[in-house]
Protein chains: 2
Amino acid sequence: MTAQRRVVAEVLDGEHVHLTADEVHARAVAKLPEISRATVYNTLGELVSLGEVLEVTTDNRAKRYDPNAHRPHHHLVCSRCGAIRDVHPTGDPLADLPASERFGFMVSDVEVTYRGVCPDCTKA
Amino acid sequence: MTAQRRVVAEVLDGEHVHLTADEVHARAVAKLPEISRATVYNTLGELVSLGEVLEVTTDNRAKRYDPNAHRPHHHLVCSRCGAIRDVHPTGDPLADLPASERFGFMVSDVEVTYRGVCPDCTKA
DNA sequence: CCTTGACTTGGACTAAGTCCAATGTAGGAT
DNA sequence: ATCCTACATTGGACTTAGTCCAAGTCAAGG
């Protein structure tokens with residue numbers, strides 16, 4: 001555990017939002033000015049492999065990193081401004097995929113992304 | 001309706017798979033050698049706006065274009081090789097998102113992506 | 001035949017991320 | 001305490017996917 005990794009972990013821990021890698025880097029630089037982008041990418045990659053952090057891809061622009069990896073949840077994304085909320089739908093979509101629709105895959109995971117317009121964008 | 005647009009539409013129509021923009025361009029060039037990448041991007045963008053084609057983002061690499069826009073469906077993706085199948089789960093995930101979990105959003109759409117390992121990759 | 005407006009082209013540009021060789025450093029062995 | 005070694009970090013070059021734009025082309029109507 002190096003200073004750099006601790007800083008990246010702290011950034012994600014402190015912010016309950018969904019940051020891009022560049023945003024993580026910016027906040028990390030504020031705490032440890034000499035940290036490089038490559039290290040932030042490396043560390044984020046490790047945190048993802050360890051299952052401590054989730055990668056979220058909502059718009060094919062930058063990936064976002066979600067520190068809330070331990071309580072399963074899905075996402076609700078504003079199609080105008082890109083705001084993201086964690087949501088907890090009822091029901092289990094995995095159960096809704098019958099064997100006949102699995103094509104022999106070993107299905108292990110499912111991601112659900114709801115899209116809509118957030119209250120702020122509805123007003124504006 | 002220009003020759004270029006017709007070619008792009010034909011490519012998507014002919015292939016029942018999920019092509020990237022570059023793959024669409026490659027196949028379009030085979031039919032109309034002077035077609036440019038910019039035109040392929042423009043035309044794909046128009047087809048998406050018209051609702052004729054869906055954009056699918058599974059891995060934060062290239063977007064893929066799905067000509068099967070008229071029958072609603074979701075996707076099953078192999079986490080090893082990236083293969084994509086269309087699937088039709090039972091149930092409606094929109095109904096599984098209670099108002100209390102909508103945070104005032106006007107929710108209009110939901111995408112479900114199942115992940116697993118395909119038969120070929122399980123063998124290998 | 002000329003004009004007009006839309007379509008297309010190719011190349012430059014951008015954003016996000018990866019890769020790599022060189023450098024630095026933490027922590028165990030002596 | 002010092003040295004070694006393996007791993008972490010750095011910064012810059014590179015790649016990929018996509019966007020943007022000025023200039024060129026084309027088709028249709030007048």
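The values are calculated or read from the model by the stated rules, or taken from the named source; none is laboratory data. None of the values given here were measured: they were computed from a predicted structure. Because the Cβ atoms are built from the backbone with ideal geometry, glycine has one as well, and the counts that use them run over all protein chains shown. Only protein heavy atoms, including side chains, enter the accessible area calculation; ligands, DNA and RNA are left aside. Shrake-Rupley method; radii C 1.70, N 1.55, O 1.52, S 1.80 Å.
Points to keep in mind about this one:
- Residue in region B:23-43 that is away from DNA strand C (no atom under 15 Å from the Cβ) and more than 28 Å from residue A:112 (Cα to Cα) present: no
- Members of region A:63-77 found to be in contact (Cβ under 8 Å) with a residue 40 or more places away in the chain and either open to solvent by 50 Å² or more (accessible area, probe 1.4 Å) or over 28 Å from residue B:21 (Cβ atoms) (or both), listed by number: A:63, A:64, A:67, A:68
- From B:80, B:85, residue being more than 8 Å from chain A (Cβ to nearest Cβ) and open to solvent by 60 Å² or more (accessible area, probe 1.4 Å): B:80
- Flag for residue A:100 being more than 9 Å from chain B (Cβ to nearest Cβ), over 21 Å from the mean Cα position of the chain (by Cα) and open to solvent by 80 Å² or more (accessible area, probe 1.4 Å): yes
- For region A:106-124, a residue qualifies if it is out of contact with any Pro (no Cβ under 7 Å at 6 or more places or on another chain), facing chain B (nearest Cβ under 7 Å) and hydrophobic (A, V, I, L, M, F, W, C), and the qualifying residues are A:106, A:107, A:117, A:118.
- Single condition residue B:49 does not satisfy, out of (1) small (Gly, Ala, Ser); (2) within 14 Å of chain A (Cβ to nearest Cβ); (3) in contact with a helix residue (DSSP H, G or I) (Cβ under 7 Å, 6 or more places away or on another chain): (3)
- Note on region A:22-32: among residues that are more than 9 Å from DNA strand D (Cβ to nearest atom) and of a type outside the set (Gly, Ala, Ser), the one that is least open to solvent (accessible area, probe 1.4 Å) is A:24.
- When B:40, B:8, B:17 are screened for being away from DNA strand D (no atom under 13 Å from the Cβ) and part of a helix (DSSP H, G or I), only B:8 passes.
- Restricting B:58, B:113, B:90 to residues that are in a loop (DSSP other than H, G, I, E, B), hydroxyl-bearing (Ser, Thr, Tyr) and in contact with a strand residue (DSSP E or B) (Cβ under 6 Å, 6 or more places away or on another chain) narrows the list to B:58.
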